[in-house]
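K.L.:
Sharing a structure, written as structure tokens. Questions coming.
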Amino acid sequence: MRTMSGAVKRLSSSQMIILGFAAAIMAGSLLLMLPFATRDGHGAAFQDTLFTAASAVCVTGLVVRDTATYWSGFGQAVILLLIQIGGMGVVTVAVAIAAASGKKIGIRQRSIMQEAISAHQVGGIVRLTGFIIRMTVLFEGLGAALLAPVFCREFGFWKGLWYAAFHSVSAFCNAGFDLMGVRGPFSSLTVFSSHSLVNPVIMALILIGGIGFTTWDDLRNNGIRFHKYRMQTKVVLVTTVLLLVLPAAYFFFFEFSAAPLSERVWQSLFQSVTPRTAGFNTADLTRLSECGLALIIMLMLIGGSPGSTAGGMKTTTFAVLLSTAMSVFHRRGDTRFFSRRVPEETVRCAATLLTMYLTLFLGGGLVISRLEGLPLLACLFETASAIGTVGLTLGITPELGTASRMILIFLMYTGRAGGLTLAFSAVSGSPGHGARLPQEKLTVG
């Protein structure tokens, strides 16, 4: 027993985080294998439950079985629980349970929590966890209350309440799981493409869940006084607005120009929000042009913000890369935002993340395309959706073979646990502080 305890203590924060996600996925897989987790009472195959649990914990939304028609009420409840755990983070949930039971939260647990939610400091981390829990309950409850009248009218009172709660949690956690398969297999929210209540509520939940817990804290402390926000909060908010407005303008003028005006506006806004990284859709994505699909792929890879329910490279990574490029163009020696300089380590991490995501996204798409004999763009769309933990699909995921599904599971896991977290967990020891090697100039570009 002491040996196991000692082994756990020797695990780094990164290793604890990725093992926590792996444990949640495995537990969810086993629960979904129970006979009463499926509507036919026969139970599901392990490869189906593993994929579904991984997609739920990694808040992705890619599915191989329609959530509404294949899984029973118990199975749907398990999926919703996995989404909640994955969205808030395994570590956040564990710390919240420990704090609620009166257990003392040690410095090691606080350090792991800091890394898990990308907090700026260890101090006040338990208070911040309590704030995250309260805000999560508030927003998910408010979302469910707003959606309930629509869904109760559509599906009946009790079923409508369940649908409202399920979709509110799924949207806030940026998961993209839906129960609209009762209207049509894998139809997502297309039936509500012009609905004036469902659209804004779902979009608001996605955006609130995707801007990050530390951003919430900054907004709570400083209100609307933009000049008092931390640099990260400013970067997150400005980048989020730009990634909302510019793609929406493209979709409005070039992709949905044939739709009625109200539907055109809602579809354009929704398709600019959901790729980062929610997975719902209100339009048939197979009808988009290749340019439209490429834009969605880019949005999926960027994703949401650090320490949020969203995945992807993160908005801050994208902003740092753009600012670094601008610094090079202007021959400045540093990357900067709002009269503040960004550390060189942050720039190197951003470049590393971009390299990792592009390598895995492209490599996974190429391998799946070769294995399945499918068009490369469709396969790249699925791998971008997986590593960005989005869940949008062109409809090929249910037909993929075991090897291709395992690739998507690995990409979802990497995207949710974090590329750098996964890399750090594989490298033991502390960062080196030895003598620096001689420098020699290398020409690039």
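The values are calculated or read from the model by the stated rules, or taken from the named source; none is laboratory data. Quick caveat, the model's predicted, so the values are computed rather than measured. So basically every Cβ, Gly included, is an ideal-geometry build from the backbone, and we count neighbours across all protein chains shown. Side chains are part of the model used for accessible areas, which takes the heavy atoms of the whole protein and leaves out ligands, DNA and RNA. Shrake-Rupley method; radii C 1.70, N 1.55, O 1.52, S 1.80 Å.
K.L.:
Round to the nearest 10 and report in Å² the accessible area of Phe74, as given by a 1.4 Å probe over the protein chains' heavy atoms.
P.N.:
Per-residue accessible area (Phe74): approximately 80 Å².
K.L.:
Enter the accessible area per residue of the chain (Å², integer; probe 1.4 Å; all protein chains in place).
P.N.:
47 Å²
K.L.:
Add +1 for every Lys or Arg and -1 for every Asp or Glu among the other residues with Cβ under 15 Å from the Cβ of Asn174, and state the total.
P.N.:
Neighbour charge sum, excluding Asn174 itself: +1.
K.L.:
If you roll a 1.4 angstrom probe over the protein chains with everything in place, what fraction of the accessible area of the chain belongs to carbon and sulfur, to the nearest %?
P.N.:
65 percent
K.L.:
Another question about this same structure. Given a 1.4 Å probe and heavy atoms of the protein chains only, how would you sort His167, His330, His42, largest accessible area at the top?
P.N.:
If we order His167, His330, His42 from most to least accessible, we get His42, His330, His167.
K.L.:
Then there's this: Determine the shape class of the range 183-244: with a ≥ b ≥ c the square roots of the Cα gyration tensor eigenvalues, call it rounded for a/c under 1.5, and otherwise prolate if a/b is greater than b/c, oblate otherwise.
P.N.:
prolate
K.L.:
Need the C-alpha centroid separation for the range 28-71 versus the range 259-329, integer Å.
P.N.:
After rounding, the separation between the Cα centres reads 28 Å.
K.L.:
Per q in 0.06, 0.07 1/Å, what log10 I(q)/I(0) does a Debye calculation on the alpha-carbon atoms of the chain return?
P.N.:
-0.25, -0.34
K.L.:
Order 385-398, 15-28 from most to least packed using the mean count of other Cβ atoms within 10 Å.
P.N.:
Ranking the peptides 385-398, 15-28 by packing returns 385-398, 15-28.
K.L.:
Between the range 211-227 and the range 334-371, what's the alpha-carbon centroid distance in Å?
P.N.:
Result: 26 Å between the Cα centres.
K.L.:
Moving to a separate point now. Quick one: if you stick a label point 7 Å off each Cα along the C-beta vector at Thr286 and Ala258, how many nm between them?
P.N.:
Using points 7 Å along Cα→Cβ, the separation is 1.6 nm.
K.L.:
Below 8 Å, C-alpha to C-alpha, sequence gap of six or more: please give me the relative contact order for the range 324-427 in percent.
P.N.:
So the answer I get is 20 percent.
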